[in-house]
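First the structure, in the form of structure tokens, and then the observations on it.
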Amino acid sequence: MSARYAPPAAILAALALAACGPQPDEAGEINLFTARHYASDAAVYAAFTEETGIRVNVLEAPADQLIERMRAEGARSQADVVITVDAGRLWRADQAGLFQPAPELADVLESVPANLRHPDGHWFGFASRVRVVVYAPDRADGSRINDFLDLADDHWRGRVCARSSNNVYNQSLLAGLIDAAGPEQAETWAAGVAANLARPPQGGDTDQIRAVAAGECDVAIVNHYYLARLQRTSDPADRAVADAVEMAFPSLAGRGAPFNVSGAGLAANAPNRDNALAFLTFLLSETGQRQFAELTNEFPVIAGAAYDNEVLDSYPEITPDPVNVNVLGENAAAAQRIFDRVGWP
Ligand code: FE
């Protein structure tokens, strides 16, 4: 964990200097707590600093660690902005009281689809991703993967790779299915997929794609950008992995493809509130939206945002599940209980 955010002593020193007159650093700073694990995010922070002069102190750690730390520090927390991936975690952070509403952002947030943000503006999605199925076209028939429900069919016995059920991406997928199809059908589905696994769950999303390419399984459940990254890399070995597979965009119980978000919110005790608001606004700016589409292969949330990414452009028209992603957090505990009951490790 790279703890680089300024300790209170440094902030006091900066304030003392500021009192002596204009300083080169007068635009100030923000303390960003982020659970994103994508190295290219540094370019986004640099672009923000370039545009505003505001320095970004980054504390990067797994979401649960960030939540625990902010909880423990309470009103003493120096966090200004919290970023994480997956609405399930944003919901958890919100339940822990780590966000505050930002009425100043109301107009900006109007441009984010209502189902991709908290109903009362505690957090919002600034980029989106879709959970998909990657398959080996020489061994798996893509026309049999129209809905995630299909993966529970006997047809896929011993052929499915999926990561562990304690991963938030799968929890949110099942949480969405609970909403779309009801808890009983969701449990039947989870049991069916658990029975179809080619191997005990292991590794992250990229490892599932590699396993399909290597012939360990024929289909795998992953987020779209992990394959997009392999498709756009200059590494020939990774390109070969990408070339060996295809991607399907199945619906979730007929309701549309299961989208999720990378999201951000204003920390409950933000010491640099105005700078934090500037940063949150930047995430939704033309530059911010372009960077997420180009650097992490995520979808912009702002309609019509411009970007240059031939892989995203190659996708067919995808109909999204219209569920409010907040529901994914609400159903997360029920989803975990189902995974435990059906023996999806
Ligand atoms: Fe990810």
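Read-outs: derived from the displayed coordinates by stated rules, not from any lab. Because the structure is a prediction, the values reported are computed rather than measured. Here Cβ is always computed from backbone atoms with ideal geometry, including for glycine, and neighbour counts include all displayed protein chains.
Scanning the range 214-230 for residues that are surrounded by 19 or more Cβ atoms within 10 Å (Cβ to Cβ) and not aromatic (Phe, Trp, Tyr) yields CYS217, ASP218, VAL219, ALA220, ILE221, VAL222, ASN223, HIS224, LEU227, ALA228, ARG229, LEU230. Can ASP218 be described as among the acidic types (Asp, Glu) and away from the ligand (no atom under 16 Å from the Cβ)? Answer is yes for this residue.
In the range 97-121, of all residues being touching a Gly at 6+ places or on another chain (Cβ under 9 Å) and aliphatic (A, V, I, L, M), the one that is farthest from the ligand (Cβ to nearest atom) corresponds to ALA106. Evaluating TRP189 against the criteria (1) away from the ligand (no atom under 16 Å from the Cβ); (2) among the aromatic types (Phe, Trp, Tyr); (3) in contact with a strand residue (DSSP E or B) (Cβ under 8 Å, 6 or more places away or on another chain) leaves one unmet condition, (3).
A Cβ distance below 9 Å, combined with a sequence gap of six or more or placement on separate chains, defines the contacts here; from the range 81-96, residues that are within 16 Å of the ligand (Cβ to nearest atom) reach residues that are among the acidic types (Asp, Glu) in the pairs ILE83/ASP41; ARG89/ASP64. Total residues in the range 143-175 satisfying the condition of being away from the ligand (no atom under 16 Å from the Cβ) and β-branched (Val, Ile, Thr): the figure is 2. Can you find even one residue in the range 234-243 that is within 16 Å of the ligand (Cβ to nearest atom) and either of a type in the set (A, V, I, L, M, F, W, C) or in contact with a Gly (Cβ under 7 Å, 6 or more places away or on another chain) (or both)? Checked against the condition, which is being within 16 Å of the ligand (Cβ to nearest atom) and either of a type in the set (A, V, I, L, M, F, W, C) or in contact with a Gly (Cβ under 7 Å, 6 or more places away or on another chain) (or both), the range 234-243 yields no hits at all.
When VAL327, VAL323 are checked against the criterion of being more than 24 Å from ALA46 (Cα to Cα) and part of a helix (DSSP H, G or I), VAL327 stands alone in meeting it.
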